[in-house]
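Chemist: Okay, here's the structure, questions in a sec.
The values are calculated or read from the model by the stated rules, or taken from the named source; none is laboratory data. Everything numeric here is computed off the predicted structure, so don't read it as measured data. Every residue, glycine as well, gets a Cβ built from its backbone with ideal geometry; the counts of neighbours run over all protein chains shown. We work out accessible area using only protein heavy atoms, side chains counted, and drop any ligands, DNA or RNA first. Shrake-Rupley method; radii C 1.70, N 1.55, O 1.52, S 1.80 Å.
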Amino acid sequence: MTVEYGSALYFIYPLSEILIVIGLYFLLRNRSKRVIYWVIFAMFAFNFALHFLKVLFYPYNDSTVYSKNDIVFTLSPSNICALNVIIFPFLYLTKRPALKDYMFYVGIISGFAAVWLPSMGDFDTSNGIAFDTFRFYICHGILWMAPLLMVLLGMHKLNYRRIWVTPLLYIIVITAVLANNYALYYMGYTKSISDNGFTIKPPDSLAQTGIGKFVLAFVPSVFKPSEDNSHYWPVAWQIFPVYIIGCPLAFVMSLWWEGKHFISDLKAIGAGICLEYRALRIAKKRSRYHKKYGNKVNFKLKCKRLCLKCKRFLRYKY
C-alpha cells in the first residue's frame, strides 16, 4: 500500500478526518442526546462491520495475496487497534465510566498515531487510491473520532481521578492481543508469533532512537534482557512506562474538560491543609496555656468564645 510520508495523500487523509470531526460536532451539538448517542454508536458499529467485511474486497479476496491462514490472522484481534475496533461498540453500550475513559484515551492515542504513522502493506494501490487505503484510514480514524465526539457532545464525562485505571485496562488488552497471537501460532495459522503492539519487546528501530531510550529508561532491569534471559518479559516490560508516561499524558488530555475540577480539588486540599495547620496551632496554644495557668485556661477559652460572639474585644487578666 503506497502512501509516502510527506506526500499530498499523507496529509489529505488525516486532515480530512479532522474536518469531519469538526463538521459532525457542529451538526450534532444541538441535537437530542438520543440522536447523538446512536450516531456515535453507528460509527462504532460501522467500524466493527468493516473490519470483517473487508475480506470481500481486494486484496483480501485474492488468494494469491492472502491465504486462508492470512485471512484468519487479519480478522483476529492481532493488534491493539484491531481489538479496539471489535470491542468498542460493546464498551460504548456499557455504563462503566472507566471503560469509556479507556476508549477516549487509548482510542485517540492509537487511532491518531496510526493515521499519522501508517503501517500498511507493500503492494501498490495506485498511489494510495484503493479500497484498503480508505478502509485503513476509516477504521483508524473512527477509533479516535468517535471517542472524541463522545466526550465533546456530552455522552461521557471524564474524571481525572480515574486515569490510573486506563493503563491497567491497556495492559489487560495487550495481554489479550498477545494471547491471541500465541494461539494463532500454536494452531498453525501463522509461522511466527506476531508482535503487533510491541507486546513482546520494543522494536529495534525504536529502541535506538531518543524516544525509545527515554521510554526504556523506565523499564526495570528485571524485565530487560540479561545473562540469564535474552528476551524482554512480554507485556510486563510496558507496565512501568505506561503508568509513568501514560498517566501524565492522559491527565494533559483531560485538562480541557477537567481543568476546573482539578483546580477545585487543589483548593480543597489547600483548605484542608490550612484547617489542619490551624487546628494544630490551637492545640499547641491550649497545651501551653494549660501548663502556665492550669484550670484557668478553660475560663479564658470560654471568654474568648464569648468575645467572638459579641464581636467585641475584651481583655482578661489573671
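Chemist: Here is a check on your reading of the model: is residue 71 modelled with pLDDT of 95 or more and of a type outside the set (Gly, Ala, Ser)?
Modeler: Values: modelled with pLDDT of 95 or more: no; of a type outside the set (Gly, Ala, Ser): yes.
Spelling it out, it is not the case that residue 71 is modelled with pLDDT of 95 or more and of a type outside the set (Gly, Ala, Ser).
Chemist: I'm trying to understand the selection: among the residues of segment 94-108, which are under 15 Å from residue 172 (Cα atoms) and open to solvent by 30 Å² or more (accessible area, probe 1.4 Å)?
Modeler: Residue satisfying the conditions is 99 alone.
Chemist: Residues that are modelled with pLDDT under 60: which helices (runs of 4 or more DSSP H) entirely in segment 234-318 hold 1 or more of them?
Modeler: Those helices (runs of 4 or more DSSP H) span 247-293, 296-310.
Chemist: Before we move on, is residue 138 part of a helix (DSSP H, G or I), open to solvent by 10 Å² or more (accessible area, probe 1.4 Å) and modelled with pLDDT of 95 or more?
Modeler: It is false that residue 138 is part of a helix (DSSP H, G or I), open to solvent by 10 Å² or more (accessible area, probe 1.4 Å) and modelled with pLDDT of 95 or more.
Chemist: Yes or no: segment 72-80 includes at least one residue that is free of Cβ contacts under 8 Å to residues at least 24 places away in the same chain, in a helix (DSSP H, G or I), over 26 Å from the mean Cα position of the chain (by Cα) and within 27 Å of residue 199 (Cα to Cα).
Modeler: The first filter runs over segment 72-80 and keeps only residues free of Cβ contacts under 8 Å to residues at least 24 places away in the same chain, leaving 74.
From what's left, in a helix (DSSP H, G or I): 74.
Now restrict to residues that are over 26 Å from the mean Cα position of the chain (by Cα): none.
No, segment 72-80 contains no residue that is free of Cβ contacts under 8 Å to residues at least 24 places away in the same chain, in a helix (DSSP H, G or I), over 26 Å from the mean Cα position of the chain (by Cα) and within 27 Å of residue 199 (Cα to Cα).
Chemist: Suppose we keep only residues that are of a type in the set (S, T, N, Q) and open to solvent by less than 60 Å² (accessible area, probe 1.4 Å) within segment 4-31. Which one would you say is farthest from the chain's Cα centre (by Cα)? Steps first, please.
Modeler: At the first step, the residues of segment 4-31 found to be of a type in the set (S, T, N, Q) are 7, 16, 30.
Applying the additional criterion that residues be open to solvent by less than 60 Å² (accessible area, probe 1.4 Å) yields 7, 16.
On the way: 7: 29, 16: 23 Å.
Filtering first and then ranking leaves 7.
Chemist: For residue 58, all conditions in the list (1) touching a residue at least 12 places away in the same chain (Cβ under 8 Å); (2) assigned to a helix (DSSP H, G or I); (3) open to solvent by 40 Å² or more (accessible area, probe 1.4 Å) hold save one; what is the number of the exception?
Modeler: Residue 58 satisfies every listed condition except (2).
Chemist: For segment 234-257, does any single residue satisfy the condition of being touching a Lys or Arg at 6+ places or on another chain (Cβ under 9 Å) and farther than 30 Å from residue 73 by Cβ?
Modeler: So far as segment 234-257 goes, yes, one or more of its residues are touching a Lys or Arg at 6+ places or on another chain (Cβ under 9 Å) and farther than 30 Å from residue 73 by Cβ.
Chemist: Okay, next question. Filter segment 240-262 for residues that are open to solvent by less than 60 Å² (accessible area, probe 1.4 Å) and β-branched (Val, Ile, Thr); which is nearest to residue 214 (Cα to Cα)?
Modeler: The selected residue is 245.
Chemist: Among the residues of segment 208-217, write down those that are open to solvent by 60 Å² or more (accessible area, probe 1.4 Å) and outside any helix (DSSP H, G or I).
Modeler: Of everything in segment 208-217, those that are open to solvent by 60 Å² or more (accessible area, probe 1.4 Å) and outside any helix (DSSP H, G or I) turn out to be 208, 217.
Chemist: Please state which one of 112, 123 is more than 20 Å from residue 256 (Cα to Cα), of a type in the set (Phe, Trp, Tyr) and modelled with pLDDT under 95.
Modeler: Exactly one residue qualifies, and that residue is 123.
Chemist: Let me ask something additional. Given the structure, is residue 90 part of a helix (DSSP H, G or I), surrounded by fewer than 20 Cβ atoms within 10 Å (Cβ to Cβ) and modelled with pLDDT under 95?
Modeler: Spelling it out, it is not the case that residue 90 is part of a helix (DSSP H, G or I), surrounded by fewer than 20 Cβ atoms within 10 Å (Cβ to Cβ) and modelled with pLDDT under 95.
Chemist: Within segment 32-46, which residues are open to solvent by 50 Å² or more (accessible area, probe 1.4 Å) and of a type in the set (Phe, Trp, Tyr)?
Modeler: Across segment 32-46, the qualifying residues are 37, 38, 46.
Chemist: I would also like to ask the following. Kindly provide the set of residues from segment 141-178 that are open to solvent by 30 Å² or more (accessible area, probe 1.4 Å), among the hydroxyl-bearing types (Ser, Thr, Tyr) and within 15 Å of the chain's Cα centre (by Cα), ordered by number.
Modeler: 160, 170
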